[in-house]
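Scroll down for the structure; my scribbles are underneath it.
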């Protein structure tokens, strides 16, 4: 090391950088272009990634050793070879990180594309689902109310009747039908957006604005509706999972 002129350090480092660039270009560009197998206009590299890394490391170590010894006039000792080995490891590791980041970006782009397709399908499904009609009948079938699922805000027990609150235009209206909330709940079982929140009330999750809490109770705020919708502890956990 005594014979090495450290005043030329920048030039010396630049030379090592050129060697590193040549090695990486040879392994990552020239070699795959020369050695490849074709299959329906696609090609798979004959050398697996770990082989590429080993070749890059070996070439870098040999090239750096020759460069340091013959250009830098440095006597190669075990210590210096160890340091050159660590420097040589930078090349395959940096290329591995580059490939990893590239693959992660591709996976991220593919997942984003799949998510977009899924969201479009879900929106279409939800649109079709909410536009389905549903009929609320009295227990004697003497009267009925036909609505779309998307228009039903909530159903509330009112003695021997149920109060069905639904959207008509931009306002909420209500209608009383002689029936029990238990019977209505059975009719609504195929529709998961209807949630039992209290023994006297079933709500459409699409109309829930907020779950509120004070020191002793919980209640729901419904979009376009001023009154509180009570929430009992029995249904609180399930309600939180859905909204």
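Looking only at the stretch 199-243, which residues are in contact with a helix residue (DSSP H, G or I) (Cβ under 7 Å, 6 or more places away or on another chain), within 15 Å of residue 166 (Cα to Cα) and assigned to a strand (DSSP E or B)?
Selection gives 202, 222.
Enumerate the pairs (first residue in the stretch 116-130 and within 15 Å of residue 148 (Cα to Cα); second residue anywhere and modelled with pLDDT of 70 or more) with beta-carbon separation below 6 Å, excluding pairs fewer than 6 apart on the same chain, so at least 6 apart or on different chains.
Once the first residue is within 15 Å of residue 148 (Cα to Cα) and sits in the stretch 116-130, its partners that are modelled with pLDDT of 70 or more give 130/149; 130/150.
Which ones in the stretch 171-198 are closer than 20 Å to residue 226 by Cα and either without any contact (Cβ under 8 Å) to a residue 24 or more places away in the chain or part of a loop (DSSP other than H, G, I, E, B) (or both)?
173, 174, 176
Check off (1) outside any helix (DSSP H, G or I); (2) surrounded by 13 or more Cβ atoms within 10 Å (Cβ to Cβ); (3) modelled with pLDDT under 75 for residue 2 and give me the number that stays unchecked.
Of everything listed in (1) outside any helix (DSSP H, G or I); (2) surrounded by 13 or more Cβ atoms within 10 Å (Cβ to Cβ); (3) modelled with pLDDT under 75, residue 2 misses just condition (2).
I'd like the full set of residues that are within 19 Å of residue 194 (Cβ to Cβ) and in contact with a helix residue (DSSP H, G or I) (Cβ under 8 Å, 6 or more places away or on another chain), limited to the stretch 97-132. Quick ask: steps written out before the conclusion?
Quick first cut of the stretch 97-132, residues within 19 Å of residue 194 (Cβ to Cβ) only: 122, 125-132.
Result: 129, 130, 131, 132.
So, in the stretch 132-152, of the ones that are under 13 Å from residue 191 (Cα atoms) and surrounded by 12 or more Cβ atoms within 10 Å (Cβ to Cβ), which residue ends up modelled with the highest pLDDT?
Selected residue: 152.
Tell me yes or no: at least one residue of the stretch 132-155 is in contact with a strand residue (DSSP E or B) (Cβ under 6 Å, 6 or more places away or on another chain), in contact (Cβ under 8 Å) with a residue 60 or more places away in the chain and not assigned by TED's automatic domain parsing to the domain that holds residue 18.
Looking through the stretch 132-155, at least one residue is in contact with a strand residue (DSSP E or B) (Cβ under 6 Å, 6 or more places away or on another chain), in contact (Cβ under 8 Å) with a residue 60 or more places away in the chain and not assigned by TED's automatic domain parsing to the domain that holds residue 18.
For the stretch 156-167: of the residues being in contact with a strand residue (DSSP E or B) (Cβ under 9 Å, 6 or more places away or on another chain) and more than 13 Å from residue 223 (Cα to Cα), which is surrounded by the most Cβ atoms within 10 Å (Cβ to Cβ)?
Filtering the stretch 156-167 for residues that are in contact with a strand residue (DSSP E or B) (Cβ under 9 Å, 6 or more places away or on another chain) and more than 13 Å from residue 223 (Cα to Cα), the one surrounded by the most Cβ atoms within 10 Å (Cβ to Cβ) comes out as 162.
Determine, yes or no, whether residue 70 is within 30 Å of residue 191 (Cβ to Cβ) and either assigned to a helix (DSSP H, G or I) or in the same structural domain as residue 145 (by TED's automatic domain parsing) (or both). Lay out the reasoning, then the answer.
On the way: within 30 Å of residue 191 (Cβ to Cβ): no; either assigned to a helix (DSSP H, G or I) or in the same structural domain as residue 145 (by TED's automatic domain parsing) (or both): yes.
Taking the combined requirement at face value, the residue does not satisfy it.
In this structure, is residue 79 farther than 14 Å from residue 24 by Cα and not in a helix (DSSP H, G or I)?
Numbers: farther than 14 Å from residue 24 by Cα: yes; not in a helix (DSSP H, G or I): no.
No: the conditions fail for residue 79.
Could you identify the single residue in 50, 38 that is modelled with pLDDT of 70 or more and either at positive phi or within 41 Å of the chain's Cα centre (by Cα) (or both)? I'd like the intermediate steps shown before the answer.
Numbers: 38 fails: modelled with pLDDT of 70 or more.
One residue alone meets the criteria, 50.
For residue 129, indicate whether it is under 27 Å from the mean Cα position of the chain (by Cα), surrounded by 11 or more Cβ atoms within 10 Å (Cβ to Cβ) and farther than 22 Å from residue 56 by Cβ. I'd like the intermediate steps shown before the answer.
Values: under 27 Å from the mean Cα position of the chain (by Cα): yes; surrounded by 11 or more Cβ atoms within 10 Å (Cβ to Cβ): yes; farther than 22 Å from residue 56 by Cβ: yes.
Taking the combined requirement at face value, the residue satisfies it.
Here's a check for you: in the stretch 188-202, which residue that is surrounded by fewer than 16 Cβ atoms within 10 Å (Cβ to Cβ) and either more than 35 Å from the chain's Cα centre (by Cα) or closer than 23 Å to residue 142 by Cα (or both) is modelled with the lowest pLDDT?
Only one residue fits best here, namely 189.
The values are calculated or read from the model by the stated rules, or taken from the named source; none is laboratory data. Everything numeric here is computed off the predicted structure, so don't read it as measured data. Neighbour counts run over all protein chains shown; Cβ positions are idealised from the backbone, glycine included.
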